[in-house]
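Since the structure comes first, as C-alpha cells, the remarks are kept for the end.
The values are calculated or read from the model by the stated rules, or taken from the named source; none is laboratory data. The shown structure was predicted, so the numbers you read here are calculated from the model rather than taken from an experiment. Glycine gets a Cβ as well: all are built from the backbone with ideal geometry, and neighbour counts include every protein chain shown. Ligands, DNA and RNA are excluded from the accessible area calculation, which covers all protein heavy atoms including side chains. Shrake-Rupley method; radii C 1.70, N 1.55, O 1.52, S 1.80 Å.
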Amino acid sequence: MARLSLFALVVGVGLMLSLHVLPPTDRISPVRRTLSEYALGPNKWMFDLAVLAVAAGSALLFGELVRRRAVRAWSAPVLLGAVWTVSLIVVVAFTKTNWAIGPSYGGLVHRYASVAGWVALPLAVILVAGAVFPDAAGWRWAARGLGIVTLLWFGAILVGVVNMLAGGGPWWRFLPLGIVERGMAASAVAAIAALVLGLVVGAARPYSATNQTPTAGSVPSLR
C-alpha cells in the first residue's frame with residue numbers, strides 16, 4: 001500500500017508540473033496566480049486528476065499507518081489526514097472563483113476547503129512522525145520539518161490577511177501568492193512523501209507483538 005501511495009503522489013506531482021509547461025496553462029503566472037487557476041481553463045481535467053491523485057496517495061498513506069497500527073483509526077493524525085484528503089476532493093468538486101465573472105458560492109467553498117487542508121495536513125504529519133519513526137530520527141525530523149515549513153508558508157498568507165485588516169492592501173497582493181502557494185504545496189507533498197518513503201525503505205518500525213509496549217526511551221505511538 002505504501003508503494004501505491006508513492007506512485008499516486010508521483011503521478012499527481014507530475015501532472016501538476018506539466019500544467020506549468022503545457023499550453024494554454026503555461027501562460028498562467030506561477031508568481032501571482034494560484035494552482036487552482038489551472039482549473040479555469042481547458043486543462044481542468046489534468047488539474048483535477050493531479051489533485052485526486054495526491055488525495056488518493058494521502059488516503060493510502062494514512063490507511064497503511066492504521067493497518068500497521070502505528071496510530072489508531074480514530075487518532076488525531078488520522079482525523080487530520082482525513083480532513084486533508086476530503087479537502088482535496090472538495091477543491092476538485094468546487095472550482096475556485098473566476099474573478100473575471102464574479103464571486104461564486106462554489107468558489108467560497110473551494111477557499112475554505114483549501115484553508116482546512118493546508119492546516120490539517122502539516123499538523124497530521126508533525127503529530128504522526130514520532131509514532132512512525134521512533135527509532136529513525138532523520139526520517140522523523142525530515143517529516144516534521146517539512147510539516148513546519150508548510151505551516152510557515154501558510155503563516156505568510158495570514159500575515160497578509162492581518163495586514164489587510166489593519167488597513168493595508170489586499171492580502172492576495174501583499175505577497176507573491178503563486179510562489180507562496182506552490183511552496184506550500186511542495187512542502188506539504190514532500191512531507192507526505194517523507195512518511196511514505198520511510199515506510200517503503202523500512203525506516204519505520206515494523207509492527208509486531210513486541211511493539212505493543214514501548215521500550216524505555218522510545219517515543220510511544222499515538223494510540
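Annotations
- Test for Tyr112: is it more than 17 Å from the chain's Cα centre (by Cα) and surrounded by fewer than 20 Cβ atoms within 10 Å (Cβ to Cβ): no
- Extreme residue, farthest from the chain's Cα centre (by Cα), among residues of the range 57-74 that are within 15 Å of Ala129 (Cβ to Cβ) and assigned to a loop (DSSP other than H, G, I, E, B): Arg68
- Qualifying residues in the range 180-223 (those that are modelled with pLDDT of 50 or more and basic (Lys, Arg)) - the one nearest to Gly138 (Cα to Cα): Arg205
- Qualifying residue in the range 16-30 (condition: under 19 Å from Val119 (Cβ atoms) and part of a helix (DSSP H, G or I)): no
- Residue list for the range 75-99, filter: of a type in the set (Gly, Ala, Ser) and outside any loop (DSSP other than H, G, I, E, B): Ala76, Gly81, Ala82, Ser87, Ala93
- Yes/no for Thr150 being closer than 18 Å to Ala82 by Cα and polar (S, T, N, Q): yes
- Hey, Gly117 within 29 Å of Asp26 (Cα to Cα), more than 19 Å from the chain's Cα centre (by Cα), assigned to a helix (DSSP H, G or I) and among the small types (Gly, Ala, Ser) or not: no
- Of the candidates Ala131, Ala120, the single residue that is surrounded by 16 or more Cβ atoms within 10 Å (Cβ to Cβ), over 19 Å from Ala185 (Cβ atoms), in contact (Cβ under 8 Å) with a residue 24 or more places away in the chain and among the small types (Gly, Ala, Ser) is Ala131.
- Of all residues in the range 64-78, exactly one satisfies the criterion of being at pLDDT 95 or above and surrounded by fewer than 17 Cβ atoms within 10 Å (Cβ to Cβ), namely Ala76.
- Given (1) within 28 Å of Leu199 (Cα to Cα); (2) open to solvent by 60 Å² or more (accessible area, probe 1.4 Å); (3) touching a Phe, Trp or Tyr at 6+ places or on another chain (Cβ under 9 Å), index of the condition Leu52 fails: (3)
- When the range 1-12 is limited to residues that are touching a residue at least 24 places away in the same chain (Cβ under 8 Å) and open to solvent by 60 Å² or more (accessible area, probe 1.4 Å), the one that is nearest to Phe174 (Cα to Cα) turns out to be Phe7.
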